[in-house]
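Undergrad: Structure incoming, see below.
The values are calculated or read from the model by the stated rules, or taken from the named source; none is laboratory data. All of these numbers come straight from a predicted model, not from anything done at the bench. In this analysis, Cβ positions are derived from the backbone assuming ideal geometry, glycine residues included, and neighbour counts consider all displayed protein chains.
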């Protein structure tokens, strides 16, 4: 900021971050990081400030993405160990744990866990983390797993993808849908689905974590994973 201020003839330059999140993107939106100057600027000076602001936003975005990748890696390691300790837990309880853990790190708008029974998908658990949804079934209906065309694995859907789910996201003002589906030991199909809003941003970075943890939650608990590799020889 000091260097930019000097280039502007000693002007005071301030970094503004309206919601304390480090900004969303280089969009000029209400939550975006921006630079303000304590005096009126000419066209050339404003261009310099705008270019500097874009660089600041890019640097902050890179820092956030690196931190999120670390958080997700830690989440997978921690949750795999915790799932192995849930010996007497039901499949539903294990999947709810995964949904809550991933949902918290990604700061999702909401999530649901569904089971396929007698050719019908039923919601067995869901959470709306921001705002009130009187009828969760109605809220999640546009994101029925059948519309994802996903039998196993994971998927990310965004507005503009040209699918019915993407159209539903646009109508609901959501940024992303992240889903993962798999089979339990009894060959019953389950799906964990979560959606993002302007607060959570794009949920795409969470795909690998959710895609790894859902199959782990659907399987049998495993023996402790440490293997002694990190233990001191002494």
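Undergrad: Could you list all residues from the range 148-158 that are surrounded by 16 or more Cβ atoms within 10 Å (Cβ to Cβ) and modelled with pLDDT under 85? Lay out the reasoning, then the answer.
TA: Taking the range 148-158 and keeping what is surrounded by 16 or more Cβ atoms within 10 Å (Cβ to Cβ), we get 148, 150, 154-158.
Of everything in the range 148-158, those that are surrounded by 16 or more Cβ atoms within 10 Å (Cβ to Cβ) and modelled with pLDDT under 85 turn out to be 148, 150.
Undergrad: Follow-up. Criterion first (over 28 Å from residue 74 (Cβ atoms), in the same structural domain as residue 210 (by TED's automatic domain parsing), surrounded by 20 or more Cβ atoms within 10 Å (Cβ to Cβ) and in contact (Cβ under 8 Å) with a residue 40 or more places away in the chain) does residue 140 satisfy it? Steps first, please.
TA: On the way: over 28 Å from residue 74 (Cβ atoms): yes; in the same structural domain as residue 210 (by TED's automatic domain parsing): yes; surrounded by 20 or more Cβ atoms within 10 Å (Cβ to Cβ): yes; in contact (Cβ under 8 Å) with a residue 40 or more places away in the chain: yes.
Yes, satisfied.
Undergrad: Does the range 173-183 contain any residue that is surrounded by fewer than 17 Cβ atoms within 10 Å (Cβ to Cβ) and under 20 Å from residue 93 (Cα atoms)? Outline the logic, then answer.
TA: Just the residues of the range 173-183 that are surrounded by fewer than 17 Cβ atoms within 10 Å (Cβ to Cβ), to begin with: 173, 183.
Restricting the remaining residues to those that are under 20 Å from residue 93 (Cα atoms) gives 183.
Within the range 173-183 (the criterion being surrounded by fewer than 17 Cβ atoms within 10 Å (Cβ to Cβ) and under 20 Å from residue 93 (Cα atoms)), the answer is yes, since at least one residue qualifies.
Undergrad: Condition check: surrounded by fewer than 17 Cβ atoms within 10 Å (Cβ to Cβ), out of contact with any helix residue (DSSP H, G or I) (no Cβ under 7 Å at 6 or more places or on another chain), over 19 Å from residue 89 (Cα atoms) and modelled with pLDDT of 85 or more. Does residue 135 satisfy that? Show your work before the answer.
TA: On the way: surrounded by fewer than 17 Cβ atoms within 10 Å (Cβ to Cβ): yes; out of contact with any helix residue (DSSP H, G or I) (no Cβ under 7 Å at 6 or more places or on another chain): yes; over 19 Å from residue 89 (Cα atoms): yes; modelled with pLDDT of 85 or more: no.
When the stated conditions are applied, residue 135 does not pass them.
Undergrad: Looking at this structure, is residue 190 farther than 22 Å from residue 101 by Cα and either touching a strand residue (DSSP E or B) at 6+ places or on another chain (Cβ under 6 Å) or crowded, with 20+ Cβ neighbours inside 10 Å (or both)? Write out each step before concluding.
TA: Details: farther than 22 Å from residue 101 by Cα: no; either touching a strand residue (DSSP E or B) at 6+ places or on another chain (Cβ under 6 Å) or crowded, with 20+ Cβ neighbours inside 10 Å (or both): yes.
No: the conditions fail for residue 190.
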